[in-house]
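Visitor: This is the structure, below, for whatever I ask next.
The values are calculated or read from the model by the stated rules, or taken from the named source; none is laboratory data. Predicted model only: the values in this text are computed from it and were never measured. A quick note on method: Cβ atoms are made from the backbone with ideal geometry, for glycine too, and the neighbour counts reach across all protein chains shown.
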Amino acid sequence: MNTLIVDDVKLSRDGLSALINTHLPEAIIMGSVPSVEAAKKLLKSEQIDLLFLDIQLQDGLSFDILDDVSLNSKVIFITAYEKYAIEAIRKGAFDYLLKPINITELKKCIERIRELRELENEHLAKASDSIVFKGKIGISSMEGIEYVNTTEINYLKADGKYTLVCLKNTTITSSKNLKMFEVILPESSFMRVHHSYLVNLSEVIRFKKEDAMLILSDGAEIPVAKSRKDLLTRRLIHV
C-alpha cells in the first residue's frame, strides 16, 4: 500500500513513519512532506492508497488538498484539535486520530484498513472473472455496457470517480474507477504508469526518460511517475 504522510512537524512525521513501519509493514511510504503544496504535487504524480494528514499545516489546512486533488486514497486525519472532527467526516475521512497518537487506536485503524482491503480485493477478483471474456471487456458506461477488445484500448485516464477509456477511434466514460481496470486488464499488456494513467504498452512508440513522458501511437503524451520509471524501463526494453 503506497502511503503518504503530511505533517509540518518533522518529529511527528518521523514518529508516524516508525509506527507505520512497525505495525503496517506492507505499507510503502512514498513520501513524508510538511505542506499542502508539497502534498498536492506528490499526489498528482503518484498513486497513493493511504494518506495520513495532519489538519493544521503552516501553509493552510489539509482539507485544501482534498478540495484540489481527485483521490481514491483512504484518508486518516491526525490532529491535536478535536474541533475539526465534523469537517473531517464530511470530507470522507476513513479515520480520525488525535495527537499524541494512541497506539491502541492506531492498531484498530490499521486492522480496519486490512479488513477493507481484503474485501476490496475479493470484489475486484470477482469482477475480473465476470467481465473479461475471450479478449473482450464489458465497460459500464453512462449509456449502458460497451463491449470492446482489450487490444483496442490505447490508455485509460482517471477522471474523479470515473475513468476515461481511450480507444483507437473513440473514448468511453466508465462509471468504474481506474483501480478496477488495473485489476481486470491483462498485466502482460497494461501497466499503471501514473496515479491517473493505465497504458497499453503495445501502443508505446517512445519513452522520453528526461521528461518522464510516454508517446503513444495516437500521439497521446502520458506522464510517468518517478516511482514507476525503473519498472517501466525494464518492461519496455527488449534488446
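Visitor: Of (1) closer than 30 Å to VAL224 by Cβ; (2) free of Cβ contacts under 8 Å to residues at least 60 places away in the same chain, GLU46 satisfies all except one. Which?
Guide: For GLU46, the failing item is (2).
Visitor: Scan VAL75, VAL6, VAL69 and give me the residue that is surrounded by fewer than 20 Cβ atoms within 10 Å (Cβ to Cβ), in contact with a Leu (Cβ under 6 Å, 6 or more places away or on another chain) and among the aliphatic types (A, V, I, L, M).
Guide: Values: VAL75 fails: surrounded by fewer than 20 Cβ atoms within 10 Å (Cβ to Cβ); VAL6 fails: surrounded by fewer than 20 Cβ atoms within 10 Å (Cβ to Cβ).
Sole residue among the options that is surrounded by fewer than 20 Cβ atoms within 10 Å (Cβ to Cβ), in contact with a Leu (Cβ under 6 Å, 6 or more places away or on another chain) and among the aliphatic types (A, V, I, L, M): VAL69.
Visitor: What residue, among those in region 5-38 that are assigned to a loop (DSSP other than H, G, I, E, B) and charged (D, E, K, R), is nearest to the chain's Cα centre (by Cα)? Don't jump to the end; show me each part of the working.
Guide: Narrowing region 5-38 to residues assigned to a loop (DSSP other than H, G, I, E, B): 7-9, 24-27, 34-35.
Of the ones still in play, those that are also charged (D, E, K, R) are 7-8, 26.
Working: ASP7: 20, ASP8: 23, GLU26: 16 Å.
Step by step, filter region 5-38, then rank; the result is GLU26.
Visitor: If you check LEU231, LEU185, LEU178, LEU156, which single one turns out to be at negative phi, of a type in the set (A, V, I, L, M, F, W, C) and modelled with pLDDT of 90 or more?
Guide: Details: LEU231 fails: modelled with pLDDT of 90 or more; LEU185 fails: modelled with pLDDT of 90 or more; LEU178 fails: modelled with pLDDT of 90 or more.
Residue meeting the stated conditions: LEU156.
Visitor: For region 220-227, indicate whether the set of residues that are farther than 17 Å from SER45 by Cα and without any contact (Cβ under 8 Å) to a residue 40 or more places away in the chain is non-empty. Full working, then the answer.
Guide: Applying the first criterion (farther than 17 Å from SER45 by Cα) to region 220-227 yields 220.
Still in the running and without any contact (Cβ under 8 Å) to a residue 40 or more places away in the chain: none.
No.
Visitor: Tally the residues that are out of contact with any Leu (no Cβ under 9 Å at 6 or more places or on another chain) and under 10 Å from TYR155 (Cα atoms), restricting the search to region 181-217.
Guide: 1
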